[in-house]
Amino acid sequence: MEKKLLRFKLNGLEYEIFINPKTLLVDVIRDHIGFTGTKKGCESGSCGACTVMVEDMAVKSCSVLAMQVEGMNVTTVEGLEKNGKLSPIQEAFLDYGAFQCGFCTPGMLMSATALLKENEGKVLTEEEIREGIEGNICRCTGYNSIIRAIEAVSKGEYKEG
Ligand code: FES
Ligand code: FES
């Protein structure tokens, strides 16, 4: 199949690459560009391990074609830190021990970041947090520590920078 030019921004950097137009976003991120923080789990849109942010929305990168992000800003877990400092939600995950094996963690962090961004300035209820991360499966933690971490950030207990 004829390759097509894809132009988009990943973690603030401009990329121009020629790809098979049927290539999935997760494969461009991991294999073509080499950001392997984004994980591949089910590869069918159910586990959330591959979640990234497209603009400010959480998107399962195994379920979209890379060409669909033409001209857009994509953020992966590697793009969360700023000037060598972890983001508030990353700090909170560490403090609350919100992961065990960590396989779900990059996707969980991206869903949490999108949820917090969408609700900036608002204290989220446990129900809202559960709903916000319902597309992300974690087999290890039982979710409680993850929810406490997101709650702490939404209460303003962790600040950017
Ligand atoms: S790998 Fe994309 S949702 Fe599971
Ligand atoms: S920490 Fe292992 S799946 Fe979530």
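Look at the range 19-33: where a residue is polar (S, T, N, Q) and a partner is part of a helix (DSSP H, G or I), sitting 6+ places away or on another chain with Cβ atoms under 9 Å, you get T23/D31; T23/H32; T23/A66; T23/M67. S63: of a type in the set (S, T, N, Q), open to solvent by 30 Å² or more (accessible area, probe 1.4 Å) and within 16 Å of ligand 2 (Cβ to nearest atom), yes or no? No: the conditions fail for S63. Just one of the numbered conditions (1) polar (S, T, N, Q); (2) within 11 Å of ligand 2 (Cβ to nearest atom); (3) within 19 Å of V74 (Cα to Cα) is not true of Q100: (3). Given (1) of a type outside the set (F, W, Y); (2) open to solvent by 80 Å² or more (accessible area, probe 1.4 Å); (3) assigned to a loop (DSSP other than H, G, I, E, B), where does K117 come up short, assuming only one miss? Only one criterion is unmet by K117, namely (3).
In the set F103, F35, which member is part of a loop (DSSP other than H, G, I, E, B) and closer than 22 Å to A149 by Cα? I'd like the intermediate steps shown before the answer.
On the way: F35 fails: closer than 22 Å to A149 by Cα.
So the residue among F103, F35 that is part of a loop (DSSP other than H, G, I, E, B) and closer than 22 Å to A149 by Cα is F103.
For beta carbons closer than 7 Å, sequence separation of 6+ or different chains, a first residue in the range 69-98 that is within 24 Å of V26 (Cα to Cα) and a second that is aromatic (F, W, Y), the qualifying pairs are V69/F8; E70/F8; G71/F8; M72/F8; V74/F8; T76/F35; E78/F35; F93/F99. For the structure I just gave you, tell me whether N144 is under 17 Å from A58 (Cα atoms), more than 16 Å from ligand 1 (Cβ to nearest atom) and open to solvent by 20 Å² or more (accessible area, probe 1.4 Å). For N144, the condition - under 17 Å from A58 (Cα atoms), more than 16 Å from ligand 1 (Cβ to nearest atom) and open to solvent by 20 Å² or more (accessible area, probe 1.4 Å) - is not met.
The values are calculated or read from the model by the stated rules, or taken from the named source; none is laboratory data. None of these values were measured; they are calculated from a predicted model. Don't worry about glycine lacking a Cβ; one is built from the backbone with ideal geometry, like all the others, and counts go over all protein chains shown. Quick note on the areas: whole protein, heavy atoms, side chains included, nothing else; ligands and nucleic acids left out. Shrake-Rupley method; radii C 1.70, N 1.55, O 1.52, S 1.80 Å.
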